[in-house]
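Everything on this sheet refers to the single structure shown next.
The values are calculated or read from the model by the stated rules, or taken from the named source; none is laboratory data. All of these numbers come straight from a predicted model, not from anything done at the bench. In this analysis, Cβ positions are derived from the backbone assuming ideal geometry, glycine residues included, and neighbour counts consider all displayed protein chains. Remember, those area values only see protein heavy atoms, side chains included, never the ligands or the DNA or RNA. Shrake-Rupley method; radii C 1.70, N 1.55, O 1.52, S 1.80 Å.
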Amino acid sequence: MSSNPKILMIEDDPSIRDMTKMNLNMNGYQQVFCAGDGKEGLALAARIVPDLILLDVMLPEIDGLTVCRCLKNTPGLASIPIIMLTAKGEENDIVLGLEMGADDYIAKPYSSKVLAARIAARLRNRNNAPPQSRTITLGPLEIDLETHCAQINAEPLLLTPDEFNTLALLAGNPGRVFTRNQIIRKVKGVNYPVTARAIDMHIVNLRKKLGDWADHIETVRGVGYRISAE
């Protein structure tokens, strides 16, 4: 990724587009491209291949959730981080967006500083992600994917396989919110008969075992869980 990342904003409100673009320019993002509807956004994404996409949920022509699904199913575009913009922080829209592949969300009205920080975090994660790495290190937490061992402050963690996989998923994507259904699919596979309540119990058990570091596993009310970035 270049030092001057390309950001695509798909937003139908001209005043929000103009204000957000100006604020992003002031925060150092000079390549900000804009589209006013879902159809135009998909075409522009294919043409410029941005480094990150800001995607409104409520869009004309093609709604934001459908745009997200199309992007994540398109070779060459699927790995682009997507931050969903939700008008009222509606839980259903947030959950659907995340389950269709969005990396983050932010509710309107949003602070320009908060948005810039979220963008920076997503770009940093994408740029620094080691795709072949078999270890995850996050502060005092160390996870060895090869040996299926985890430790915190050099003390081994006694985890069940599901607890280990859940922790590895969250720690491998710090700051990213995962819905319960996403965790189930990524840990157990598609159509595995596990309830959302079982995921909640995994999180309860993980927090107990993490001790003083337990608060780093955050509950995003009505959505799911994430591990805070150190």
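Where helices (runs of 4 or more DSSP H) sit wholly within segment 39-155, those with at least 3 residues that are of a type outside the set (D, E, K, R) and buried (at least 21 other Cβ atoms within 10 Å of the Cβ) occupy 64-72, 91-99. Annotation note: Cβ proximity below 8 Å between a residue of segment 9-21 that is free of Cβ contacts under 8 Å to residues at least 24 places away in the same chain and a residue that is surrounded by 15 or more Cβ atoms within 10 Å (Cβ to Cβ) and among the hydrophobic types (A, V, I, L, M, F, W, C) (sequence gap 6+ or interchain) occurs for Arg17/Met9; Arg17/Cys34; Lys21/Met9; Lys21/Val32; Lys21/Cys34. Looking at segment 70-91, can you tell me whether even one residue there is over 21 Å from the mean Cα position of the chain (by Cα) and of a type in the set (Lys, Arg)? Within segment 70-91 (the criterion being over 21 Å from the mean Cα position of the chain (by Cα) and of a type in the set (Lys, Arg)), the answer is no, since none of the residues qualifies. Would you check if there is a residue in segment 171-181 being assigned to a strand (DSSP E or B), free of Cβ contacts under 8 Å to residues at least 12 places away in the same chain and closer than 17 Å to Asp104 by Cβ? No: segment 171-181 contains no residue that is assigned to a strand (DSSP E or B), free of Cβ contacts under 8 Å to residues at least 12 places away in the same chain and closer than 17 Å to Asp104 by Cβ.
Within segment 145-163, the presence of a residue that is touching an Asp or Glu at 6+ places or on another chain (Cβ under 8 Å) and under 22 Å from Ala102 (Cβ atoms) is excluded. For segment 72-114, the candidate set comprises residues that are touching a Lys or Arg at 6+ places or on another chain (Cβ under 7 Å), in contact (Cβ under 8 Å) with a residue 24 or more places away in the chain and of a type in the set (Gly, Ala, Ser); within that set, the residue that is farthest from Met26 (Cα to Cα) is Gly101.
Residue count for segment 1-30 satisfying the condition of being within 22 Å of the chain's Cα centre (by Cα), open to solvent by 60 Å² or more (accessible area, probe 1.4 Å) and not charged (D, E, K, R): 4.
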